[in-house]
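J.: The structure follows.
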Amino acid sequence: MYCSQEPYDRVFIELGPFPVYWYGFLIMMGAVIALIVATREAKRLGLHKDFFIDLLVFAIPAAIVGARLYYVIFELDRYDSFMEMIDIREGGLAIHGALIASVAVAYVYAKYKKVSFWKIADIAAPSLLIGQMLGRWGNFMNQEAYGGPVSQSAYDNFLQYIPDWIMNQMCVEGAIHHPTFLYESLWNLGGLILLLVLRYKVNPRRGVIFLTYVIWYSFGRFFIEGLRTDSLYIVGDLRTAQLISVLLIIGAIILIIYRKQKGLANVLYDGRPLDGKGMSDVEKKNSQPAKKKSNKKKKKKRK
């Protein structure tokens, strides 16, 4: 379909000579909201309120490096110098690289703090989707991560119901393109709802929420990636993100089954043992002040 729309300004605000781009602003907002959500849940489950703040000090730089390194590896022919490789002002960040690097850092950090990795992974999973949802709107403002040209029939069937201010930004080189950033953002919203239901209504085995996130995101990404025009390719027409998505789905399913069979997931999400005996992490936390008060009363009686 032919179109003739000017794209939105990529700059959110100018601070003197320094422009702040929508892309960076939206990613920052996503990270802040995700951190607030994770911190509140971590506190509810007995972790220190600053646990995820401290973790992000290491995870965010690792995620940026991982995202860029992943992209550069599969687009190595595009770069003539090291400075071009590290220049991210024109984009070139791959979310799979960011996830791999940040999960690796979280694993090491959990071991260092002597906290269950699966506990913090489950807590962080909904926050990851929040960050990804908002991050895709940064792609929207950058006019990137879109799909192929839209046919008249596709537009008439369902795309005409998408607001004009979205579709106008999908006008690239005189043709309307599929808003794949929107498809993925909405898919992530569905995943967020699913994970919150698992968290507050189901209380599954520890690790299931995070691995469900991996399966949900990868499943949607596999199909959405097939529509995009800016994919990374590993060999011939094989898209890297689709291959990684399949491997992640298989790996997550194997882990769920393996951890259950080997007795490695005998604790529920809230910390309660699978047999129902004992207190959850929330109950343990709530019982601590009462114990302290009772100890004070005993001391007074002795006096």
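Quick note: the coordinates plus some simple rules give every number you see, no bench work behind them. As the structure is a prediction and not an experimental result, all values here were calculated from the model. Here Cβ is always computed from backbone atoms with ideal geometry, including for glycine, and neighbour counts include all displayed protein chains.
J.: Among V115, V214, V267, which one shows the biggest mean-square fluctuation in a GNM of the chain, springs joining Cα atoms closer than 10 Å?
T.: Of the options given, V115 has the highest mean-square fluctuation.
J.: N157 to I250: extension gain in nm, 0.36 nm per residue of separation minus the Cα-Cα distance?
T.: Full extension from N157 to I250 adds 30.1 nm.
J.: Oh, and also: Answer rounded, prolate or oblate for region 179-265, using the Cα gyration tensor with square roots of eigenvalues a ≥ b ≥ c: rounded when a/c is under 1.5, else prolate when a/b is larger than b/c, else oblate.
T.: oblate
J.: Separate question: Counting other Cβ atoms within 10 Å of each Cβ, which GluC sites (Glu not before Pro) in region 34-119 have at most 15 and sit in a DSSP loop?
T.: Answer in residue order: E75, E90.
J.: Say we join alpha carbon atoms closer than 10 Å with springs in a Gaussian network model of the chain; which of V235, V208, V105 then has the biggest fluctuation?
T.: V235
J.: Hey, another quick one. Let me check I've understood the local charge: for P179, count other residues with C-beta under 15 angstrom from its C-beta, Lys and Arg +1, Asp and Glu -1. What total comes out?
T.: It works out to a net charge of -3.
J.: Let me ask you something else. Which pairs break 19 Å Cα to Cα here: K201/K262; K49/K260; K43/K119; K49/K113; K119/K285; K43/K284?
T.: In this structure, K201/K262; K49/K260 exceed 19 Å between Cα atoms.
J.: If you split all Cα-Cα distances of the chain into 20 Å bins from zero, what percentages do you get per bin, shortest first?
T.: P(r) for the chain, in whole percents per bin: 28, 52, 17, 3, 0.
J.: Using 0.36 nm per residue of separation minus the Cα-Cα distance, give me the extension gain between I88 and Y107 in nm, one decimal.
T.: Gain on extension, I88 to Y107, equals 4.2 nm.
J.: Given labels modelled 7 Å from the Cα in the Cβ direction, how far is it in nm from S81 to F12?
T.: Going from the S81 label point to the F12 one covers 3.0 nm.
J.: Also, I was wondering about something else. Full extension from V282 to Y200: what is 0.36 nm times the residue separation minus their Cα-Cα distance, to one decimal in nm?
T.: Extra length available between V282 and Y200 comes to 28.3 nm.
J.: Which shape class, rounded, prolate or oblate, goes with region 10-113 when its Cα gyration tensor gives a ≥ b ≥ c as root eigenvalues, a/c under 1.5 marks rounded, and past that a/b bigger than b/c marks prolate?
T.: oblate
J.: Are there GluC sites (Glu not before Pro) in region 117-209 that DSSP marks as loop and that have at most 14 other Cβ atoms within 10 Å, and which are they?
T.: Sites meeting the loop and neighbour criteria: E173.
J.: What is the sum of charges, Lys and Arg at +1 and Asp and Glu at -1, for the other residues whose Cβ falls under 14 Å from the Cβ of F52?
T.: Every neighbour counted, the sum reads +2.
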